[in-house]
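The values are calculated or read from the model by the stated rules, or taken from the named source; none is laboratory data. Remember, predicted model here, so these are calculated numbers, not experimental data. Don't worry about glycine lacking a Cβ; one is built from the backbone with ideal geometry, like all the others, and counts go over all protein chains shown.
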Amino acid sequence: MAVSTTDILVLTRYGRLGASSRQRFLLFEGALADSGFAPEVRPFFSDGYLADLYAGRAMRWLEIARCYARRVAVLLRRPPGEIMWLEKEALPWLPAWLDRLLLGGCTLVIDFDDGWHLRYQGHDAPWHARIMARKLERLARSADTVIVANQALMSWARNVGCARVELIPTTVDTSLYPLREEPDGPFTIGWIGTPRNATYLQLVLEPLQRLSQEGARLKVIGGNPATALPGVALEVVPWSEATEACALAACHVGIMPLAGSEWDQHKSGYKIIQYMAAGRAAVASPIGANLDILSEGETGLFAHGPDEWYATLARLRDDSEMRKRMGAAGRRRCEARFSRDVAAKQVAQVFEWARERATPHRCGGSA
């Protein structure tokens, strides 16, 4: 006898190249299928668009126009009342009323991984974006459920009047991070991220320079080959989903410096979770979600200014037993709180609630 399934239209911002889409949506396709759902994933931007963005190449405006046309066509063709899982917004940089018009009549779940509402409100936002300063607040209020990645976003969602908010941290599939012994050779500090975020390394340039003079090196995973950090022994390796775990295992510790801006307060600390999954101690700025993810003295250490960053990293460099102890504790913490298996249960519960909320003719079910 065939098992009845419930369709979910999954509208991500990116494909597999985008960490937010990959780790907060695509990671759960199998778990949703096991729970009786049939997710249909439709990214807005292509991986090619993101590759161009990271490489600093000129935007192909005709391709961007096609992205909008494809998204509108998907929304116009959807069956009435479908359950929809949306990453941030349906049509970036267009007014909320247009999103709400196209999303009307569905059971809507919206996911926010970072403080994307700030992109419409900051002083450096383009003028047309500031006109839509409250766009994401309006969208969030119209959703049946809002999923957020951290406590700062939880507070934001509640303050803007969202009816139902679920906190589900960004997670990893720990089975893809086999535990490996520390590498031989010089003390290696790891950083993983996109080329656009590599500017955070400037915050710790001075301590990295001092450590490099003493024989350490920095491995930047996912940076632009043109990344320049004068005075730092630097290795830049390309990011790929298939090799990121091995690249992290080739480091002794991982770092996540932040400046403390409002955007930083809403970041999700995904780097620290990856370091823990790889069994590596982390050093991070005590800001935002970092405070909830890293357990001070157990899975890593916090650092404030340049002198403290240098002293903390030098301490870990000189104490291999501390590094290994923290790395093992981090892996256990990741498995218990930030693994795909833990988050998959929460995601399934959200959509089981959505299925119950939707009337039978809205679910798109089939036997």
**Prompt:** When the range 1-60 is examined, which residues are found to be among the aliphatic types (A, V, I, L, M) and closer than 23 Å to V236 by Cβ?
**Reply:** L17, A19, L50, A51, L53, A55, A58
**Item:** strands (runs of 3 or more DSSP E) completely within the range 17-116 that count 2 or more residues being more than 28 Å from E262 (Cα to Cα)
**Value:** 37-41, 83-87
**Item:** Pick from the range 297-319, criterion under 15 Å from V253 (Cβ atoms) and not in a helix (DSSP H, G or I), ranking: farthest from the chain's Cα centre (by Cα)
**Value:** D319
**Request:** Tell me which residues, restricted to the range 166-181, are outside any helix (DSSP H, G or I) and touching a residue at least 60 places away in the same chain (Cβ under 8 Å).
**Result:** E166, I168, P169, T170, T171, V172, D173, Y177, P178, L179, R180
**Item:** First in the range 31-56 and more than 29 Å from P79 (Cα to Cα), second anywhere and buried (at least 18 other Cβ atoms within 10 Å of the Cβ), Cβ under 6 Å, 6 or more apart
**Value:** L50/Y14; L50/L17; L50/G18; Y54/P195
**Request:** Output the residues belonging to the range 234-288 that are of a type in the set (V, I, T), surrounded by 18 or more Cβ atoms within 10 Å (Cβ to Cβ) and in a loop (DSSP other than H, G, I, E, B).
**Result:** I287
**Message:** On the basis of being β-branched (V, I, T), outside any helix (DSSP H, G or I) and touching a residue at least 40 places away in the same chain (Cβ under 8 Å), does I147 make the cut?
**Reply:** yes
**Fill in**
For the range 185-229 the number of residues that are surrounded by fewer than 18 Cβ atoms within 10 Å (Cβ to Cβ), at pLDDT below 95 and either part of a loop (DSSP other than H, G, I, E, B) or of a type in the set (G, A, S) (or both) is 7
**Message:** For the structure I just gave you, tell me whether A344 is under 16 Å from the mean Cα position of the chain (by Cα) and not assigned by TED's automatic domain parsing to the domain that holds E206.
**Reply:** yes
**Request:** Answer yes if at least one residue in the range 46-68 is of a type in the set (S, T, N, Q) and either under 21 Å from S20 (Cα atoms) or surrounded by fewer than 20 Cβ atoms within 10 Å (Cβ to Cβ) (or both), and no otherwise.
**Result:** yes
